[in-house]
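**Student:** Submitted below is the structure of interest, expressed as structure tokens.
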Protein chains: 2
Amino acid sequence: MVIGAGFGGIEAAKALRRAPVDVTLIDRQNHHCFQPLLYQVATAALSPADIAWPIRHILRGQDNVTVLLAEVVGVDVARRRVLLSGAEPIAYDHLVVATGSMHSYFGHDEWAEFAPGLKRIVDATRIRRSILLGFERAEMQHDKAEQQRLLTFVIVGGGATGVEMAGAIAEIARLTLAKDFRRIDPRSARIVLLEAGPRILPTLSPDLSDYALRALTRMGAEVRTSTRVTACDRGGVDLDGGRIDAGTVIWAAGVQASPAARWLGAKADRAGRVVVGPDLSLPGHPEIFVIGDTASAIDAAGHRAPGIAPAAKQMGRYVGKLIRARLEGRSRPPFRYWHAGELATIGRRSAVVQFHRIHLTGFVGWLFWGLAHIYFLIGTRNRFVVAFIWLWDFVTFQRGARLITDVPPQQKS
Amino acid sequence: MVIGAGFGGIEAAKALRRAPVDVTLIDRQNHHCFQPLLYQVATAALSPADIAWPIRHILRGQDNVTVLLAEVVGVDVARRRVLLSGAEPIAYDHLVVATGSMHSYFGHDEWAEFAPGLKRIVDATRIRRSILLGFERAEMQHDKAEQQRLLTFVIVGGGATGVEMAGAIAEIARLTLAKDFRRIDPRSARIVLLEAGPRILPTLSPDLSDYALRALTRMGAEVRTSTRVTACDRGGVDLDGGRIDAGTVIWAAGVQASPAARWLGAKADRAGRVVVGPDLSLPGHPEIFVIGDTASAIDAAGHRAPGIAPAAKQMGRYVGKLIRARLEGRSRPPFRYWHAGELATIGRRSAVVQFHRIHLTGFVGWLFWGLAHIYFLIGTRNRFVVAFIWLWDFVTFQRGARLITDVPPQQKS
């Protein structure tokens with residue numbers, strides 16, 4: 001049984017295609033979401049359906065897979081059963097836990113209300129609404145200070161998601177909306193990217209961090225490194241030196257693992273990830289595997305597998321093959337992570353790519369980034385649609401999904 | 001000032017392009033929705049952004065228009081001011097009310113909870129969720145009777161929307177989902193279209209009603225005419241003869257006008273529409289016009305303008321030109337409605353079209369329907385995307401927007 005249909009869970013199920021097993025794949029959503037492009041939904045470039053696909057459709061050709069839409073609430077490790085909300089428990093022989101991660105507010109969960117993170121489709125449409133409503137409310141506002149606050153967007157965390165969000169919001173303000181308002185000038189919007197460490201994109205090399213910093217600054221975003229957020233509230237954020245009044249705050253900082261460690265009664269690291277052995281199984285439970293963002297794994301070469309999509313896919317594939325090998329009486333070497341590289345886009349004609357020793361920036365990096373993401377999307381239809389929309393938006397400077405669709409509570413009928 | 005950015009309101013604003021006026025266009029949504037294709041969002045074929053466009057983007061090239069996202073709560077006719085929720089009133093010289101219509105449950109508003117109607121984007125995503133969850137829950141269900149109930153879909157109302165919904169759900173069950181489930185057979189789903197009158201599509205000619213009835217039956221939908229719903233509840237619907245247990249009930253029956261008549265203190269007909277004069281103005285108030293679904297208008301030839309998009313557009317254009325003429329000291333003849341025809345799609349290769357004396361059905365009707373709708377969509381980008389998606393879905397028998405995105409209340413974090 002596989003819990004979670006993210007990159008790791010889907011790959012594990014696929015790797016069991018020819019194994020003599022019945023695979024049950026459980027997720028609380030009906031769709032697999034291509035998280036690397038979630039920020040494009042949050043910034044009105046793509047529609048949710050362009051980067052998501054029904055799980056059961058992805059696996060419909062694989063007869064030994066049953067997909068269930070259900071919420072897991074625990075695991076009975078002793079009796080080998082997965083406990084569901086509102087349904088009977090399900091027994092397993094092998095269990096693969098691939099439940100991903102959530103945002104961490106460093107012990108301040110009350111900030112989540114004011115500074116939403118970006119993990120699911122609903123998060124993306126919520127953030128999209130907040131960004132677009134910022135401009136709409138500023139147009140309706142007569143008080144100048146409040147108008148400026150509504151036009152201030154703070155992104156907390158200078159990793160890939162933070163950089164991509166800051167660049168995209170800067171483009172919305174400077175290009176997309178430039179001619180659409182009469183009382184405000186959207187180009188006067190203030191976009192601030194906050195990073196607690198000394199440089200943005202800390203997992204890439206310093207020259208790429210520098211490039212990203214310069215590119216964002218040129219696009220009109222403010223980047224503040226070595227700046228820590230000490231509080232979030234409805235009106236903005238407090239910093240270790242000062243305060244920023246803001247209408248929209250987006251959280252792209254810490255990550256913590258899903259509650260899998262608690263379900264399993266297993267040892268977890270500081271980020272809540274389950275510590276697994278060299279074959280990604282839970283120590284003392286060779287029938288339970290933990291993969292992806294939920295696992296704290298050191299591979300055969302002594303490298304820690306990072307919390308990114310390629311690592312999750314490799315772990316999923318490894319575990320699927322290992323289970324099949326076991327059932328066929330074969331053995332497999334320990335897990336070995338292959339690091340291809342990392343990349344982040346900043347805006348039109350601008351991205352950073354670190355692929356082994358090759359570093360790309362600017363237009364070439366941006367082309368590489370775009371082609372790589374289209375290649376990894378699921379489904380030919382979505383590849384065509386996304387490629388067309390990107391081309392169209394590039395030529396027209398537009399974003400086609402500028403919808404405020406969640407009805408605010410006071411308007412609900 | 002124009003209230004409402006549907007087909008009528010947008011046309012009125014556009015017709016005032018060269019008039020010496022400042023136009024304020026108010027809507028409580030940020031987007032104009034192409035309602036004729038809303039059922040395709042509800043049935044997972046298109047994404048919301050494919051049929052909606054930001055209002056301020058549509059009119060960004062027209063310098064004399066200011067678009068405001070705000071909710072109108074009333075009109076102070078004596079002082080010529082529009083009252084907003086949470087903002088200062090706005091004064092007007094001329095007022096165009098184009099606030100559309102809502103669903104009517106014939107005095108049983110409590111049915112709305114169990115049988116949602118289809119008017120806005122949020123309605124469409126709600127219905128999409130309900131349809132897709134029906135199949136998902138049936139897959140999780142062990143009780144056979146409950147499983148069959150979850151797989152029963154009732155559509156109330158045999159007009160164009162009801163026929164289109166019934167045909168689309170039949171296709172989802174028979175074609176799209178055919179291979180995606182393991183425990184249930186989606187093809188066993190029951191789709192029932194209920195119509196209180198003696199035939200479906202009552203505004204078209206009887207031969208086209210007959211064709212639609214046969215086409216729906218061939219696709220596996222049940223059509224019951226002369227059947228009235230007497231109650232809706234969580235488990236299904238009561239009829240004047242019998243009961244249908246159903247997991248999803250969709251309301252496509254009565255329509256009532258928005259509360260504009262109450263705002264204006266004006267005379268309304270039985271459906272709540274404001275009775276207007278031959279120039280679409282409110283009797284006694286030449287400065288106030290009511291158009292589209294909100295108006296009860298008899299044109300110069302004695303014909304009643306129906307509640308469809310072309311009528312709303314013609315009224316909007318007429319009023320815009322009339323206001324301009326008045327300001328320039330010219331007069332205009334009374335409003336005259338030109339009826340082009342009506343059309344409805346039923347499924348793959350099947351539609352009915354009544355265009356003056358020309359009646360089209362089958363593949364030719366379906367092609368005409370598709371081309372007409374792409375032509376009337378707003379924006380070249382959406383035309384391309386929708387055309388591509390239709391072509392793709394036609395070839396693959398798929399629907400690309402099968403997302404359950406609204407988190408059910410019990411799962412909300």
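Taken together, the values in this text are just the output of simple stated rules run on the coordinates, not laboratory data. Here the structure is a predicted model, which is why all the values come from computation and not from measurement. Cβ placement follows ideal geometry from the backbone for every residue including glycine, while neighbour counts extend to all protein chains displayed.
**Student:** Can you say what percent of the DSSP beta bridges in the stretch A:105-253, counting only those with both residues inside, are antiparallel? Round to 5.
**Tutor:** Antiparallel: roughly 35 percent of the beta bridges in the stretch A:105-253.
**Student:** Using the C-alpha atoms of the stretch A:105-253, what convex hull volume per residue, in cubic angstrom, is computed?
**Tutor:** Normalising the Cα hull of the stretch A:105-253 by residue number yields 107 Å³.
**Student:** Continuing with the same structure: Classify the stretch A:200-274: rounded, prolate or oblate, from the alpha-carbon gyration tensor (a ≥ b ≥ c, eigenvalue square roots; a/c under 1.5 rounded; otherwise prolate if a/b is larger than b/c)?
**Tutor:** Oblate.
**Student:** Over chain A, calculate the relative contact order: mean separation of alpha carbon pairs under 8 Å at least 6 apart, over the residue count, as a percent.
**Tutor:** For chain A, the relative contact order is 20 percent.
**Student:** Tell me, what ³J(HN,Hα) does each residue in the stretch A:63-74 have, in order and in whole Hz, if you take phi through Karplus 6.51 cos²θ - 1.76 cosθ + 1.60 with θ = phi - 60° and put x for Gly and Pro?
**Tutor:** These are the phi-based 3J(HN,Hα) values: 5, 8, 10, 10, 9, 10, 8, 7, 9, 7, 10, x Hz.
**Student:** Now a separate question. I need the inter-copy label distances for residue A:107: point set 7 Å along Cα to C-beta, values in nm with one decimal, smallest first.
**Tutor:** With the label placed 7 Å along Cα→Cβ, residue A:107 yields 6.3 nm.
**Student:** Can you say what percent of the DSSP beta bridges in the protein assembly as shown, counting only those with both residues inside, are antiparallel? Round to 5.
**Tutor:** Once the DSSP bridges in the protein assembly as shown are tallied, antiparallel ones form about 55 percent.
**Student:** Oh, and also: Between residue B:269 and residue A:269, how many nm apart are label points set 7 Å from Cα along the C-beta direction?
**Tutor:** Label at residue B:269, label at residue A:269, 7.0 nm between them.
**Student:** Follow-up question, since we're still on this one. Mind listing the long-range amide H neighbours of residue A:231? Cut-off is under 5 Å, sequence gap 5 or more, other chains count too, H placed in the peptide plane at 1.01 Å from N.
**Tutor:** Under 5 Å from the amide H of residue A:231: A:238.
**Student:** Would you grab the residues whose amide H sits under 5 Å from the one on residue B:2? Only those 5+ places off in sequence or on another chain, please, with H modelled 1.01 Å from N.
**Tutor:** B:24, B:25, B:26, B:96
**Student:** Something else: How long are the three semi-axes of the equivalent ellipsoid for chain B, computed from the Cα gyration tensor as the root of 5 times each eigenvalue, in whole Å, largest first?
**Tutor:** Ellipsoid semi-axes (Å, largest first): 38, 22, 21.
**Student:** Label-to-label distances across copies for residue B:364, with labels 7 Å out along Cα→Cβ, in nm, shortest first?
**Tutor:** 5.9
**Student:** Ok, one more. Please list, or write none, the aspartates and glutamates whose alpha carbon is within less than 17 Å of the alpha carbon of residue A:267, excluding same-chain residues fewer than 8 places away.
**Tutor:** Partners within reach: A:76, A:279, A:287, A:293.
**Student:** Something else about it: Of all DSSP beta bridges in chain B, what percent run antiparallel (nearest 5)?
**Tutor:** Numbers: 34 of 62 bridges.
Approximately 55 percent, going by the DSSP bridge assignments.
**Student:** How far apart, in nm, are two points set 7 Å out from the Cα along the Cα-to-Cβ line at residue B:90 and at residue B:63?
**Tutor:** It is 2.0 nm.
**Student:** Name the shape class, rounded, prolate or oblate, that the alpha-carbon gyration tensor gives for the stretch A:17-59, where a ≥ b ≥ c are the square roots of its eigenvalues, rounded holds for a/c under 1.5, and otherwise prolate holds if a/b is larger than b/c and oblate otherwise.
**Tutor:** On the way: a/c = 3.45, a/b = 3.02, b/c = 1.14.
Prolate.
**Student:** Continuing with this model, one more query. For the rotation taking chain B to chain A, which residue of B has the Cβ nearest the axis, and how many Å away is it?
**Tutor:** B:47, 2
**Student:** Going by Cα centres, the stretch A:267-345 and the stretch A:171-220 are how many Å apart?
**Tutor:** 36
**Student:** If you don't mind, there's one more thing I want to ask. Got the residue A:338 label distances to the other copies yet, label 7 Å along Cα→Cβ, in nm, shortest first?
**Tutor:** For residue A:338, the other copies' label points sit at 6.5 nm, shortest first.
**Student:** Can you tally the net charge around residue B:352? Count Lys and Arg as +1, Asp and Glu as -1, for every other residue whose Cβ sits under 12 Å from the Cβ of residue B:352. Mind dumping the intermediate values first?
**Tutor:** Working: positive: B:214; negative: B:164, B:207, B:210, B:342.
Result for the local shell: -3.
**Student:** With a cut-off of 8 Å between alpha carbons and a minimum separation of six or more residues, what is the relative contact order of the stretch A:105-253 in percent?
**Tutor:** Numbers: 253 pairs, mean separation 46.9, N = 149.
It rounds to 31 percent for the stretch A:105-253.
**Student:** Of the listed pairs A:14/A:313; B:14/B:321; A:321/B:179; B:14/B:313, which have alpha-carbon separations greater than 18 Å here?
**Tutor:** Correct reply: A:321/B:179.
**Student:** Right, something else. HN-Hα J couplings of the stretch A:152-166 from phi, Karplus 6.51/-1.76/1.60, θ = phi - 60°, integer Hz, Gly and Pro as x?
**Tutor:** 9, 10, 10, 10, 9, x, x, x, 4, 4, x, 5, 5, 5, 4
**Student:** List the aspartates and glutamates whose Cα sits under 15 Å from the Cα of residue A:144, skipping any in the same chain fewer than 8 residues away.
**Tutor:** Candidates past the 8-residue exclusion: A:136, A:185, A:245.
**Student:** Round to the nearest 0.05 the FRET efficiency obtained for residue B:78 and residue A:187 when R0 = 60 Å and r is the Cβ-Cβ distance.
**Tutor:** Taking R0 as 60 Å, the efficiency between residue B:78 and residue A:187 is 0.90.
**Student:** May I ask for the longest run of chain A untouched by chymotrypsin sites (Phe, Trp or Tyr not before Pro) that are loop-located per DSSP and have at most 16 neighbouring C-beta atoms (other than their own) within 10 Å?
**Tutor:** A:107-337
**Student:** When the helix-only estimate is applied to chain B (DSSP H runs of n ≥ 4, each -39,500 (n - 2.57), divided by the residue count), what is the mean residue ellipticity at 222 nm, nearest 500 deg cm²/dmol?
**Tutor:** The helix contribution divided over chain B gives -9500 deg cm²/dmol.
**Student:** Check which residues have an amide H placed less than 5 Å from residue A:104's amide H, if you skip close sequence neighbours.
**Tutor:** A:254, A:255, A:256
**Student:** If N is the number of residues in the protein assembly as shown, what value comes out of its Cα radius of gyration divided by 2.2 N^0.38 Å?
**Tutor:** 1.00
**Student:** ³J(HN,Hα) across the stretch A:381-386 via Karplus (A = 6.51, B = -1.76, C = 1.60, θ = phi - 60°), whole Hz, x for Gly/Pro?
**Tutor:** 3J(HN,Hα) across the stretch A:381-386, in whole Hz: 4, 5, 4, 4, 4, 5.
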